[in-house]
Amino acid sequence: MAYSMKEEIARRRTFAIISHPDAGKTTLTEKFLLYSGTINTAGSVKGKATAKHAVSDWMEIEKQRGISVTSSVLQFEYDGCVVNLLDTPGHQDFSEDTYRTLMAADSAVMVIDGSKGVEPQTRKLFKVCAMRHIPIFTFINKMDRDALDTFDLLDDIEKNLGVATCPMNWPIGSGKRFQGIYDRELEDVLMYSDTRKGTKEGHEERIPLSETARLGEVLGGEALKKLQSEIDLLDGASEPFDLDEVQAGMLTPVFFGSALQNFGVEIFLHHFLRMALPPTPRVSDQGPVDPYAEDFSAFVFKIQANMNKAHRDRIAFLRICSGKYDAAQEVKHAQSGRVARLSQPQQLMADDRKVVSEAYAGDIIGVFDPGLYGIGDTFCMPKATFRYEGIPTFAPEHFARVRQVDTMKRDQFVKGISQIAQEGAIQIFRESGMGMEEIICGVVGVLQFDVLKFRLKNEYNVEIILEQLPYEHIRWVAKWDGDVKNIVGTSDMKRIEDLKGNPLLLFINEWSVQMVLDRNKGLELAEFRKN
Ligand code: G4P
(Lines give C-alpha, C1' and ligand atoms only; values in the text may rest on other atoms or scores of the structure.)
Protein backbone atom coordinates (compact mmCIF):
# COMPACT_ATOMS: atom_id res chain seq x y z
CA MET A 1 0.00 0.00 0.00
CA ALA A 2 1.32 3.37 -0.98
CA TYR A 3 1.17 6.08 1.66
CA SER A 4 1.55 9.80 1.16
CA MET A 5 4.29 11.57 3.12
CA LYS A 6 1.75 12.84 5.64
CA GLU A 7 0.26 9.37 6.10
CA GLU A 8 3.72 7.92 6.59
CA ILE A 9 4.41 10.44 9.36
CA ALA A 10 1.00 10.00 10.95
CA ARG A 11 1.58 6.24 11.27
CA ARG A 12 4.93 6.64 13.04
CA ARG A 13 5.11 5.81 16.76
CA THR A 14 8.51 6.41 18.30
CA PHE A 15 8.96 5.26 21.85
CA ALA A 16 11.55 4.26 24.40
CA ILE A 17 11.27 1.44 26.88
CA ILE A 18 12.32 2.30 30.40
CA SER A 19 12.74 -0.13 33.26
CA HIS A 20 15.03 -1.34 35.96
CA PRO A 21 17.34 -4.19 34.85
CA ASP A 22 15.60 -7.57 34.90
CA ALA A 23 12.05 -6.22 34.87
CA GLY A 24 11.57 -7.83 31.45
CA LYS A 25 12.36 -5.14 28.90
CA THR A 26 14.22 -7.50 26.57
CA THR A 27 11.53 -10.15 26.80
CA LEU A 28 8.77 -7.64 26.09
CA THR A 29 10.69 -6.19 23.13
CA GLU A 30 11.11 -9.65 21.77
CA LYS A 31 7.39 -10.28 21.98
CA PHE A 32 6.68 -7.03 20.13
CA LEU A 33 8.96 -8.20 17.35
CA LEU A 34 7.29 -11.56 17.35
CA TYR A 35 3.82 -10.09 16.95
CA SER A 36 4.99 -7.82 14.19
CA GLY A 37 6.45 -10.76 12.30
CA THR A 38 9.94 -9.23 12.44
CA ILE A 39 11.24 -12.39 14.08
CA ASN A 40 9.72 -15.82 13.99
CA THR A 41 10.71 -17.44 17.22
CA ALA A 42 11.30 -16.26 20.72
CA GLY A 43 14.92 -16.18 21.78
CA SER A 44 16.08 -14.38 18.65
CA VAL A 45 16.87 -11.09 20.31
CA LYS A 46 20.45 -11.37 21.30
CA GLY A 47 22.35 -9.40 23.78
CA LYS A 48 20.85 -10.16 27.09
CA ALA A 49 23.15 -12.95 28.19
CA THR A 50 26.25 -11.08 27.05
CA ALA A 51 25.12 -7.80 28.51
CA LYS A 52 24.94 -9.38 31.91
CA HIS A 53 28.64 -10.26 32.02
CA ALA A 54 30.83 -8.30 34.35
CA VAL A 55 32.78 -5.93 32.23
CA SER A 56 36.46 -6.35 32.69
CA ASP A 57 38.15 -5.13 29.56
CA TRP A 58 37.61 -3.06 26.50
CA MET A 59 36.79 -5.97 24.27
CA GLU A 60 33.89 -6.73 26.53
CA ILE A 61 32.86 -3.12 26.65
CA GLU A 62 32.97 -2.91 22.92
CA LYS A 63 31.08 -6.14 22.52
CA GLN A 64 28.51 -4.87 24.90
CA ARG A 65 28.26 -1.52 23.16
CA GLY A 66 27.98 -3.26 19.81
CA ILE A 67 25.05 -5.19 21.10
CA SER A 68 23.39 -2.32 22.82
CA VAL A 69 23.75 -0.35 19.62
CA THR A 70 22.39 -2.92 17.23
CA SER A 71 19.45 -3.41 19.49
CA SER A 72 19.21 0.25 20.36
CA VAL A 73 16.80 1.28 17.60
CA LEU A 74 14.41 -1.22 16.17
CA GLN A 75 11.77 -0.57 13.57
CA PHE A 76 8.77 -2.76 12.92
CA GLU A 77 5.26 -2.55 11.53
CA TYR A 78 2.20 -3.46 13.50
CA ASP A 79 -1.47 -2.75 12.95
CA GLY A 80 -0.64 -0.29 10.18
CA CYS A 81 1.78 1.66 12.40
CA VAL A 82 5.50 1.98 11.83
CA VAL A 83 6.98 1.56 15.27
CA ASN A 84 10.41 2.87 16.19
CA LEU A 85 11.51 1.36 19.45
CA LEU A 86 14.43 2.91 21.25
CA ASP A 87 16.22 0.83 23.82
CA THR A 88 17.63 2.54 26.88
CA PRO A 89 20.76 0.65 27.90
CA GLY A 90 20.84 -0.34 31.52
CA HIS A 91 23.13 -2.34 33.80
CA GLN A 92 26.70 -1.06 33.87
CA ASP A 93 26.16 0.45 30.47
CA PHE A 94 23.86 3.05 32.00
CA SER A 95 25.11 6.39 30.80
CA GLU A 96 24.04 9.81 29.62
CA ASP A 97 23.09 8.12 26.37
CA THR A 98 20.35 6.39 28.25
CA TYR A 99 18.88 9.78 29.12
CA ARG A 100 19.49 11.23 25.68
CA THR A 101 17.62 8.43 24.01
CA LEU A 102 14.54 9.65 25.82
CA MET A 103 14.93 13.02 24.10
CA ALA A 104 14.39 11.30 20.76
CA ALA A 105 11.23 9.45 21.80
CA ASP A 106 7.64 10.69 21.58
CA SER A 107 6.39 8.38 24.30
CA ALA A 108 7.71 5.83 26.77
CA VAL A 109 6.77 2.37 27.90
CA MET A 110 7.59 1.70 31.52
CA VAL A 111 8.06 -1.95 32.43
CA ILE A 112 7.69 -2.76 36.09
CA ASP A 113 8.31 -6.09 37.78
CA GLY A 114 5.05 -6.88 39.60
CA SER A 115 6.90 -8.37 42.53
CA LYS A 116 9.13 -5.31 43.03
CA GLY A 117 7.24 -2.15 42.10
CA VAL A 118 9.10 1.00 41.11
CA GLU A 119 12.90 0.54 41.26
CA PRO A 120 15.71 3.14 41.19
CA GLN A 121 16.64 3.05 37.51
CA THR A 122 13.02 3.43 36.47
CA ARG A 123 12.73 6.40 38.79
CA LYS A 124 15.72 8.14 37.23
CA LEU A 125 14.50 7.58 33.68
CA PHE A 126 10.98 8.54 34.57
CA LYS A 127 12.22 11.94 35.74
CA VAL A 128 13.48 12.69 32.25
CA CYS A 129 10.18 11.57 30.68
CA ALA A 130 8.29 13.76 33.13
CA MET A 131 10.51 16.73 32.28
CA ARG A 132 9.47 16.33 28.64
CA HIS A 133 5.80 15.67 29.42
CA ILE A 134 5.67 12.71 27.09
CA PRO A 135 2.99 10.04 27.48
CA ILE A 136 4.04 7.05 29.58
CA PHE A 137 2.42 3.64 29.32
CA THR A 138 2.95 1.15 32.12
CA PHE A 139 3.23 -2.60 31.70
CA ILE A 140 3.32 -4.47 34.98
CA ASN A 141 5.15 -7.63 34.14
CA LYS A 142 5.76 -11.06 35.64
CA MET A 143 2.20 -11.58 36.86
CA ASP A 144 2.86 -15.30 36.53
CA ARG A 145 5.05 -14.82 39.61
CA ASP A 146 3.77 -13.75 43.01
CA ALA A 147 3.15 -10.03 42.67
CA LEU A 148 2.54 -7.25 45.17
CA ASP A 149 -1.07 -6.29 45.85
CA THR A 150 -2.42 -4.52 42.76
CA PHE A 151 -3.68 -1.45 44.62
CA ASP A 152 -0.31 -1.16 46.38
CA LEU A 153 1.48 -1.33 43.02
CA LEU A 154 -0.61 1.53 41.67
CA ASP A 155 -0.10 3.49 44.83
CA ASP A 156 3.65 2.95 44.57
CA ILE A 157 3.70 4.39 41.03
CA GLU A 158 1.60 7.38 42.05
CA LYS A 159 3.62 8.19 45.18
CA ASN A 160 7.05 7.40 43.82
CA LEU A 161 6.71 8.97 40.43
CA GLY A 162 4.05 11.57 40.97
CA VAL A 163 1.85 10.49 38.08
CA ALA A 164 -1.80 9.41 38.23
CA THR A 165 -2.59 5.86 37.13
CA CYS A 166 -5.50 4.41 35.22
CA PRO A 167 -5.59 0.60 35.07
CA MET A 168 -6.83 -0.49 31.64
CA ASN A 169 -7.05 -4.06 32.78
CA TRP A 170 -6.90 -5.79 36.13
CA PRO A 171 -5.10 -8.98 37.12
CA ILE A 172 -6.91 -11.90 38.65
CA GLY A 173 -4.47 -13.33 41.15
CA SER A 174 -0.76 -13.71 40.52
CA GLY A 175 1.91 -16.40 40.58
CA LYS A 176 0.46 -19.89 40.74
CA ARG A 177 -2.98 -18.38 41.19
CA PHE A 178 -2.76 -16.07 38.20
CA GLN A 179 -5.93 -16.65 36.20
CA GLY A 180 -6.05 -13.83 33.69
CA ILE A 181 -6.98 -10.20 33.35
CA TYR A 182 -10.23 -8.32 33.39
CA ASP A 183 -10.50 -5.95 30.45
CA ARG A 184 -12.17 -2.79 31.73
CA GLU A 185 -13.10 -1.51 28.29
CA LEU A 186 -14.65 -4.72 26.95
CA GLU A 187 -15.87 -5.79 30.38
CA ASP A 188 -14.70 -9.34 29.96
CA VAL A 189 -12.10 -11.66 31.40
CA LEU A 190 -9.21 -12.85 29.29
CA MET A 191 -8.26 -16.22 30.67
CA TYR A 192 -4.60 -16.89 31.27
CA SER A 193 -2.94 -19.69 29.42
CA ASP A 194 0.74 -20.25 28.98
CA THR A 195 0.28 -22.44 25.95
CA ARG A 196 1.16 -19.55 23.69
CA LYS A 197 4.78 -19.53 24.81
CA GLY A 198 7.09 -18.32 22.10
CA THR A 199 4.46 -18.23 19.39
CA LYS A 200 1.76 -15.90 18.25
CA GLU A 201 -0.72 -18.71 17.91
CA GLY A 202 -2.77 -20.21 20.67
CA HIS A 203 -6.11 -20.44 22.21
CA GLU A 204 -7.50 -17.28 23.77
CA GLU A 205 -10.62 -17.43 25.87
CA ARG A 206 -12.65 -14.36 26.74
CA ILE A 207 -15.62 -14.56 29.09
CA PRO A 208 -17.93 -11.57 29.59
CA LEU A 209 -18.18 -10.41 33.20
CA SER A 210 -21.95 -10.73 32.90
CA GLU A 211 -21.62 -14.52 32.53
CA THR A 212 -21.20 -14.98 36.24
CA ALA A 213 -22.07 -18.65 36.33
CA ARG A 214 -19.42 -19.53 33.76
CA LEU A 215 -16.87 -17.25 35.41
CA GLY A 216 -17.57 -18.72 38.82
CA GLU A 217 -16.94 -22.13 37.33
CA VAL A 218 -13.58 -21.32 35.78
CA LEU A 219 -12.21 -18.79 38.27
CA GLY A 220 -13.71 -20.26 41.42
CA GLY A 221 -16.33 -18.52 43.54
CA GLU A 222 -13.86 -16.78 45.81
CA ALA A 223 -11.69 -15.36 43.04
CA LEU A 224 -14.77 -14.08 41.24
CA LYS A 225 -16.06 -12.39 44.37
CA LYS A 226 -12.71 -10.75 44.95
CA LEU A 227 -12.60 -9.57 41.34
CA GLN A 228 -16.10 -8.12 41.55
CA SER A 229 -15.31 -6.19 44.70
CA GLU A 230 -12.03 -4.94 43.25
CA ILE A 231 -13.82 -3.75 40.12
CA ASP A 232 -16.34 -1.87 42.26
CA LEU A 233 -13.56 -0.29 44.25
CA LEU A 234 -11.66 0.58 41.14
CA ASP A 235 -14.61 2.12 39.37
CA GLY A 236 -15.23 4.26 42.40
CA ALA A 237 -11.67 5.24 43.27
CA SER A 238 -9.42 5.28 40.23
CA GLU A 239 -8.81 8.20 37.91
CA PRO A 240 -11.18 8.21 34.95
CA PHE A 241 -9.52 7.56 31.64
CA ASP A 242 -8.70 10.80 29.86
CA LEU A 243 -6.72 10.60 26.64
CA ASP A 244 -5.64 14.26 26.83
CA GLU A 245 -4.10 13.66 30.24
CA VAL A 246 -2.39 10.52 28.97
CA GLN A 247 -0.92 12.42 26.04
CA ALA A 248 0.26 15.21 28.33
CA GLY A 249 2.12 12.67 30.46
CA MET A 250 -0.05 13.29 33.52
CA LEU A 251 -1.91 9.98 33.58
CA THR A 252 -0.34 6.62 32.85
CA PRO A 253 -2.53 3.81 31.54
CA VAL A 254 -1.56 0.60 33.32
CA PHE A 255 -1.66 -2.91 31.85
CA PHE A 256 -0.83 -6.24 33.46
CA GLY A 257 0.64 -9.37 31.98
CA SER A 258 3.53 -11.69 31.55
CA ALA A 259 5.99 -10.98 28.79
CA LEU A 260 7.62 -14.36 29.21
CA GLN A 261 4.34 -16.24 28.95
CA ASN A 262 3.11 -14.06 26.12
CA PHE A 263 0.13 -12.94 28.07
CA GLY A 264 -1.36 -9.46 27.94
CA VAL A 265 1.34 -8.24 25.56
CA GLU A 266 -0.70 -8.01 22.39
CA ILE A 267 -3.50 -6.14 24.14
CA PHE A 268 -0.97 -3.75 25.55
CA LEU A 269 0.62 -3.15 22.16
CA HIS A 270 -2.74 -2.63 20.52
CA HIS A 271 -3.95 -0.03 23.05
CA PHE A 272 -0.59 1.61 23.32
CA LEU A 273 -0.30 2.23 19.58
CA ARG A 274 -3.80 3.64 19.53
CA MET A 275 -3.14 6.07 22.37
CA ALA A 276 0.50 7.05 21.73
CA LEU A 277 1.15 10.16 19.72
CA PRO A 278 2.59 10.32 16.23
CA PRO A 279 5.48 12.81 15.91
CA THR A 280 4.59 16.16 17.45
CA PRO A 281 6.17 19.59 16.77
CA ARG A 282 9.66 20.06 18.20
CA VAL A 283 10.86 23.37 19.52
CA SER A 284 13.49 25.32 17.60
CA ASP A 285 14.96 28.78 18.13
CA GLN A 286 12.37 29.99 15.63
CA GLY A 287 9.37 28.32 17.25
CA PRO A 288 7.87 24.85 16.90
CA VAL A 289 8.56 22.94 13.68
CA ASP A 290 5.62 21.10 12.12
CA PRO A 291 6.52 17.42 11.67
CA TYR A 292 4.30 17.27 8.57
CA ALA A 293 6.14 20.11 6.83
CA GLU A 294 7.70 19.15 3.49
CA ASP A 295 11.21 20.13 4.55
CA PHE A 296 13.42 17.59 6.24
CA SER A 297 14.93 18.40 9.61
CA ALA A 298 16.53 16.32 12.36
CA PHE A 299 18.74 16.54 15.41
CA VAL A 300 21.57 14.42 16.74
CA PHE A 301 20.73 12.69 20.00
CA LYS A 302 23.59 10.28 20.30
CA ILE A 303 27.05 9.72 18.90
CA GLN A 304 28.65 6.34 19.03
CA ALA A 305 32.36 6.05 18.38
CA ASN A 306 34.23 3.00 17.18
CA MET A 307 31.25 0.87 16.43
CA ASN A 308 33.38 -1.02 14.03
CA LYS A 309 36.97 -1.44 15.11
CA ALA A 310 38.17 -1.99 11.55
CA HIS A 311 36.87 1.39 10.47
CA ARG A 312 37.23 3.50 13.59
CA ASP A 313 33.94 5.02 12.61
CA ARG A 314 31.70 7.40 14.43
CA ILE A 315 27.98 7.14 13.93
CA ALA A 316 25.65 9.99 14.73
CA PHE A 317 22.06 9.00 15.50
CA LEU A 318 19.54 11.42 14.08
CA ARG A 319 15.96 11.76 15.07
CA ILE A 320 14.01 13.05 12.10
CA CYS A 321 11.65 15.79 13.27
CA SER A 322 9.98 16.94 10.08
CA GLY A 323 9.37 15.94 6.49
CA LYS A 324 11.00 13.18 4.57
CA TYR A 325 14.62 12.24 4.37
CA ASP A 326 15.79 11.34 0.93
CA ALA A 327 19.32 9.99 0.57
CA ALA A 328 19.79 11.84 -2.69
CA GLN A 329 19.13 15.27 -1.22
CA GLU A 330 21.72 17.58 0.26
CA VAL A 331 21.14 18.77 3.79
CA LYS A 332 22.78 21.34 6.01
CA HIS A 333 24.52 20.70 9.29
CA ALA A 334 23.34 23.90 10.99
CA GLN A 335 26.22 24.20 13.46
CA SER A 336 29.01 24.11 10.85
CA GLY A 337 26.99 25.42 7.90
CA ARG A 338 28.27 22.50 5.84
CA VAL A 339 25.91 21.34 3.08
CA ALA A 340 26.30 17.76 1.90
CA ARG A 341 24.60 14.45 1.47
CA LEU A 342 24.57 12.43 4.64
CA SER A 343 27.00 9.55 4.44
CA GLN A 344 25.96 5.95 4.79
CA PRO A 345 22.52 6.52 6.27
CA GLN A 346 21.48 3.37 8.07
CA GLN A 347 18.51 2.06 9.87
CA LEU A 348 18.67 -0.76 12.32
CA MET A 349 16.25 -3.61 12.04
CA ALA A 350 16.36 -6.28 14.74
CA ASP A 351 20.07 -7.14 14.65
CA ASP A 352 20.68 -6.04 11.11
CA ARG A 353 21.79 -2.71 9.71
CA LYS A 354 20.40 -1.66 6.37
CA VAL A 355 21.10 1.34 4.23
CA VAL A 356 18.07 3.58 3.91
CA SER A 357 17.13 5.70 0.97
CA GLU A 358 14.18 7.38 2.62
CA ALA A 359 12.84 7.91 6.09
CA TYR A 360 10.18 10.09 7.71
CA ALA A 361 9.63 12.30 10.72
CA GLY A 362 9.66 10.02 13.75
CA ASP A 363 12.33 7.71 12.30
CA ILE A 364 15.85 7.34 13.57
CA ILE A 365 18.76 7.02 11.19
CA GLY A 366 22.43 6.53 11.89
CA VAL A 367 24.85 8.45 9.67
CA PHE A 368 28.60 8.49 9.38
CA ASP A 369 30.07 11.36 11.38
CA PRO A 370 33.20 12.91 9.91
CA GLY A 371 34.05 14.22 13.38
CA LEU A 372 32.01 17.38 12.92
CA TYR A 373 28.78 16.60 14.68
CA GLY A 374 27.89 17.18 18.30
CA ILE A 375 25.05 16.00 20.50
CA GLY A 376 21.99 18.21 19.93
CA ASP A 377 23.13 19.50 16.51
CA THR A 378 20.52 20.29 13.87
CA PHE A 379 20.24 19.12 10.29
CA CYS A 380 17.89 20.98 7.97
CA MET A 381 17.40 21.95 4.34
CA PRO A 382 20.21 24.16 2.94
CA LYS A 383 18.08 27.31 3.00
CA ALA A 384 16.64 26.83 6.48
CA THR A 385 18.16 28.80 9.33
CA PHE A 386 16.66 27.35 12.50
CA ARG A 387 18.24 25.22 15.19
CA TYR A 388 16.55 22.78 17.49
CA GLU A 389 16.73 23.35 21.22
CA GLY A 390 19.83 21.60 22.49
CA ILE A 391 19.72 18.41 24.51
CA PRO A 392 20.13 19.14 28.20
CA THR A 393 23.22 18.01 30.00
CA PHE A 394 22.25 15.52 32.66
CA ALA A 395 23.79 15.43 36.07
CA PRO A 396 26.64 12.93 36.41
CA GLU A 397 26.64 10.94 39.64
CA HIS A 398 30.26 9.78 39.86
CA PHE A 399 33.30 12.00 39.82
CA ALA A 400 37.03 11.46 39.57
CA ARG A 401 40.12 13.62 39.37
CA VAL A 402 42.05 12.80 36.22
CA ARG A 403 45.84 13.04 36.18
CA GLN A 404 48.28 12.30 33.43
CA VAL A 405 51.14 9.91 34.07
CA ASP A 406 53.40 11.60 31.54
CA THR A 407 52.95 15.36 31.72
CA MET A 408 54.90 15.81 28.48
CA LYS A 409 51.87 14.62 26.55
CA ARG A 410 49.75 17.53 27.64
CA ASP A 411 48.33 18.36 24.20
CA GLN A 412 47.34 14.80 23.38
CA PHE A 413 45.70 14.49 26.75
CA VAL A 414 43.66 17.65 26.37
CA LYS A 415 42.70 16.76 22.80
CA GLY A 416 41.73 13.20 23.71
CA ILE A 417 39.71 14.01 26.76
CA SER A 418 37.97 16.93 25.03
CA GLN A 419 36.99 14.77 22.05
CA ILE A 420 35.66 12.01 24.24
CA ALA A 421 33.72 14.58 26.22
CA GLN A 422 32.32 16.00 22.96
CA GLU A 423 30.89 12.58 22.12
CA GLY A 424 29.07 12.87 25.39
CA ALA A 425 30.28 9.74 27.20
CA ILE A 426 31.83 11.83 29.95
CA GLN A 427 31.61 15.40 31.18
CA ILE A 428 34.70 17.33 32.11
CA PHE A 429 35.10 20.15 34.58
CA ARG A 430 37.90 22.04 36.21
CA GLU A 431 38.45 23.64 39.57
CA SER A 432 36.96 27.12 39.59
CA GLY A 433 39.39 29.61 38.12
CA MET A 434 41.96 26.97 37.11
CA GLY A 435 43.14 25.87 33.66
CA MET A 436 43.25 22.34 32.33
CA GLU A 437 45.99 21.25 34.78
CA GLU A 438 43.59 19.31 36.80
CA ILE A 439 40.48 17.90 35.28
CA ILE A 440 37.47 16.55 37.09
CA CYS A 441 35.55 14.01 35.13
CA GLY A 442 31.90 13.26 35.80
CA VAL A 443 30.00 10.24 34.53
CA VAL A 444 26.49 8.88 34.82
CA GLY A 445 27.63 5.23 34.93
CA VAL A 446 30.96 4.12 36.45
CA LEU A 447 31.76 1.98 33.43
CA GLN A 448 32.49 5.23 31.62
CA PHE A 449 35.65 5.66 33.73
CA ASP A 450 37.06 2.42 32.32
CA VAL A 451 36.06 3.43 28.83
CA LEU A 452 37.84 6.78 29.26
CA LYS A 453 41.03 5.20 30.54
CA PHE A 454 41.10 2.60 27.82
CA ARG A 455 40.32 4.97 24.99
CA LEU A 456 42.90 7.56 26.04
CA LYS A 457 45.54 4.86 26.10
CA ASN A 458 44.44 3.15 22.89
CA GLU A 459 43.50 6.06 20.71
CA TYR A 460 45.67 8.89 22.08
CA ASN A 461 48.52 6.99 23.70
CA VAL A 462 47.98 8.80 26.98
CA GLU A 463 48.00 7.09 30.35
CA ILE A 464 45.96 8.51 33.16
CA ILE A 465 45.37 7.96 36.84
CA LEU A 466 41.82 8.32 38.06
CA GLU A 467 41.22 9.23 41.65
CA GLN A 468 37.57 8.79 42.50
CA LEU A 469 36.01 11.65 44.46
CA PRO A 470 33.25 11.27 47.04
CA TYR A 471 30.84 13.74 45.39
CA GLU A 472 27.54 12.40 44.13
CA HIS A 473 25.41 15.44 43.51
CA ILE A 474 26.06 18.17 41.02
CA ARG A 475 24.10 21.34 40.48
CA TRP A 476 24.44 24.03 37.89
CA VAL A 477 24.18 27.55 39.24
CA ALA A 478 21.09 28.62 37.35
CA LYS A 479 20.70 32.01 39.01
CA TRP A 480 22.96 33.97 41.33
CA ASP A 481 23.65 37.66 41.40
CA GLY A 482 27.33 38.24 41.82
CA ASP A 483 30.45 36.14 42.18
CA VAL A 484 30.04 32.41 42.87
CA LYS A 485 32.86 32.77 45.39
CA ASN A 486 30.33 34.54 47.57
CA ILE A 487 27.97 31.57 47.74
CA VAL A 488 27.95 30.42 51.35
CA GLY A 489 28.70 26.70 51.14
CA THR A 490 28.80 23.63 53.35
CA SER A 491 31.88 21.66 54.36
CA ASP A 492 31.18 19.02 51.70
CA MET A 493 30.68 21.48 48.85
CA LYS A 494 33.14 22.07 46.02
CA ARG A 495 33.06 24.81 43.37
CA ILE A 496 33.90 23.79 39.84
CA GLU A 497 33.14 25.04 36.34
CA ASP A 498 32.54 23.45 32.97
CA LEU A 499 34.77 24.21 30.01
CA LYS A 500 32.56 27.09 28.98
CA GLY A 501 33.13 28.66 32.38
CA ASN A 502 29.65 27.93 33.75
CA PRO A 503 29.80 27.55 37.52
CA LEU A 504 28.73 24.34 39.24
CA LEU A 505 28.63 23.02 42.74
CA LEU A 506 29.48 19.49 43.86
CA PHE A 507 28.10 17.96 47.03
CA ILE A 508 28.70 14.73 48.89
CA ASN A 509 25.35 14.78 50.66
CA GLU A 510 22.06 15.57 49.06
CA TRP A 511 20.80 17.47 52.09
CA SER A 512 23.65 19.95 51.67
CA VAL A 513 22.02 21.10 48.44
CA GLN A 514 18.99 22.32 50.34
CA MET A 515 21.18 23.80 53.07
CA VAL A 516 23.09 25.88 50.54
CA LEU A 517 19.83 27.03 48.98
CA ASP A 518 18.59 28.05 52.43
CA ARG A 519 21.79 29.92 53.19
CA ASN A 520 21.84 31.92 49.97
CA LYS A 521 18.77 33.96 49.16
CA GLY A 522 18.09 34.25 45.44
CA LEU A 523 20.28 31.29 44.52
CA GLU A 524 18.77 28.84 42.04
CA LEU A 525 20.36 25.48 41.31
CA ALA A 526 19.50 23.13 38.43
CA GLU A 527 19.85 19.38 37.97
CA PHE A 528 19.74 19.53 34.17
CA ARG A 529 21.40 22.19 32.13
CA LYS A 530 19.82 23.36 28.89
CA ASN A 531 22.49 23.70 26.24
P1 G4P B 1 15.59 -6.75 31.18
O2 G4P B 1 15.79 -6.67 29.71
O3 G4P B 1 14.58 -5.79 31.68
O4 G4P B 1 16.84 -6.68 31.97
O5 G4P B 1 14.93 -8.18 31.52
P6 G4P B 1 14.77 -9.51 30.67
O7 G4P B 1 13.72 -9.37 29.65
O8 G4P B 1 16.09 -10.00 30.23
O9 G4P B 1 14.19 -10.44 31.81
C10 G4P B 1 14.91 -10.71 33.01
C11 G4P B 1 14.55 -12.09 33.50
O12 G4P B 1 13.16 -12.13 33.82
C13 G4P B 1 14.77 -13.20 32.49
O14 G4P B 1 15.08 -14.38 33.20
C15 G4P B 1 13.42 -13.35 31.85
O16 G4P B 1 13.21 -14.63 31.30
C17 G4P B 1 12.53 -13.14 33.06
N18 G4P B 1 11.19 -12.65 32.68
C19 G4P B 1 10.84 -11.67 31.84
N20 G4P B 1 9.51 -11.52 31.78
C21 G4P B 1 9.00 -12.43 32.62
C22 G4P B 1 7.66 -12.78 32.98
O23 G4P B 1 6.68 -12.23 32.53
N24 G4P B 1 7.54 -13.78 33.91
C25 G4P B 1 8.60 -14.44 34.44
N26 G4P B 1 8.36 -15.40 35.30
N27 G4P B 1 9.86 -14.12 34.11
C28 G4P B 1 10.06 -13.14 33.21
P29 G4P B 1 16.55 -14.89 33.41
O30 G4P B 1 16.45 -16.20 34.07
O31 G4P B 1 17.37 -13.84 34.05
O32 G4P B 1 17.08 -15.00 31.96
P33 G4P B 1 16.81 -16.13 30.91
O34 G4P B 1 17.73 -17.22 31.30
O35 G4P B 1 15.35 -16.53 31.03
O36 G4P B 1 17.14 -15.47 29.63
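The values are calculated or read from the model by the stated rules, or taken from the named source; none is laboratory data. A quick note: this is a predicted structure, and the numbers were derived from the prediction, not measured. Note: ideal-geometry Cβ built from the backbone for every residue, glycine included; neighbour counts use all protein chains shown. With ligands, DNA and RNA removed, areas are computed over all heavy atoms of the protein, side chains included. Shrake-Rupley method; radii C 1.70, N 1.55, O 1.52, S 1.80 Å.
Over the chain, all Cα pairs binned in 10 Å intervals from 0 give whole-percent P(r) values of 3, 17, 26, 25, 17, 8, 2, 0, 0, listed from short to long.
Peptide packing: for 277-285, 253-261, 400-408, the average count of neighbouring Cβ atoms within 10 Å per residue gives the ranking 253-261, 277-285, 400-408, highest mean first. With a 1.4 Å probe rolled over the protein heavy atoms of all chains, the accessible area of Phe429, Phe386 falls in the order Phe386, Phe429, largest first. Taking only the alpha carbons of region 104-157, we obtain Rg and Dmax values of 11.7, 35 Å in that order.
The listed residues Trp511, Trp170, once ranked by accessible area (1.4 Å probe) with the largest placed first, stand as Trp511, Trp170.
Evaluated with a Cβ-only charge set (Lys, Arg +1; Asp, Glu -1), the chain carries a dipole of roughly 1720 debye about its Cα centre, given to the nearest 20. Answer rounded, prolate or oblate for region 471-515, using the Cα gyration tensor with square roots of eigenvalues a ≥ b ≥ c: rounded when a/c is under 1.5, else prolate when a/b is larger than b/c, else oblate. Oblate, since a/c reaches 1.5 and b/c is not below a/b. Across the accessible surface of the chain, with the other protein chains kept in place and a 1.4 Å probe, carbon and sulfur atoms take up 49 percent. Working from label points 7 Å from Cα in the Cα-to-Cβ sense, the Ala130 to Arg401 distance is 3.6 nm. Which percent of the Cα-Cα distances in region 394-530 go past 26 Å? Roughly 24 percent, once rounded to a whole number.
Report note on the peptides 100-110, 361-371, 288-298: ranked by the mean count of other C-beta atoms within 10 Å, highest first, their order is 100-110, 361-371, 288-298. Here the Karplus curve 6.51 cos²θ - 1.76 cosθ + 1.60, taken at θ = phi - 60°, turns the phi angles of region 152-165 into couplings of 5, 4, 5, 4, 4, 5, 5, 6, 6, 10, x, 10, 6, 10 Hz, with x standing for Gly and Pro.
Say the cut-off is 21 Å between C-alpha atoms; which of Lys124/Lys457; Lys302/Lys354; Lys479/Lys521; Lys124/Lys530 go over it? Listed pairs above 21 Å: Lys124/Lys457.
Listed peptides 414-421, 515-522, 215-222 appear in the order 414-421, 215-222, 515-522 once ranked by packing, highest mean of other Cβ atoms within 10 Å at the front. Counting only protein chain heavy atoms and rolling a 1.4 Å probe, the accessible areas of Tyr192, Tyr460, Tyr35 rank, largest first, as Tyr192, Tyr460, Tyr35.
Close amide H partners of Ile17, meaning residues 5 or more places away or on another chain with modelled amide H under 5 Å apart, are Leu86, Thr88, Val109.
Scanning residues 5 or more positions from Thr165 or on other chains, those with amide H under 5 Å from its amide H are Glu239, Thr252, with H placed 1.01 Å from N in the peptide plane.
Toward the positive end of the charge dipole of region 394-530, with +1 on the Cβ of Lys and Arg and -1 on the Cβ of Asp and Glu, the farthest Cα among Ile420, Leu469, Val451 is that of Ile420.
The alpha carbon gyration tensor of region 368-468 gives principal lengths a ≥ b ≥ c with a/c of 1.5 or higher and a/b greater than b/c, which makes the shape prolate. Each DSSP beta bridge with both residues in the chain is either parallel or antiparallel, and the antiparallel ones are about 75%.
For region 383-475, the relative contact order is 45 percent, taking Cα pairs closer than 8 Å that sit 6 or more residues apart in sequence and dividing their mean separation by the residue count. In the chain, a dipole from Cβ-located charges (positive for Lys and Arg, negative for Asp and Glu) runs towards its positive end, and of Gly162, Phe139, Leu74 it is Leu74 whose Cα lies farthest in that direction.
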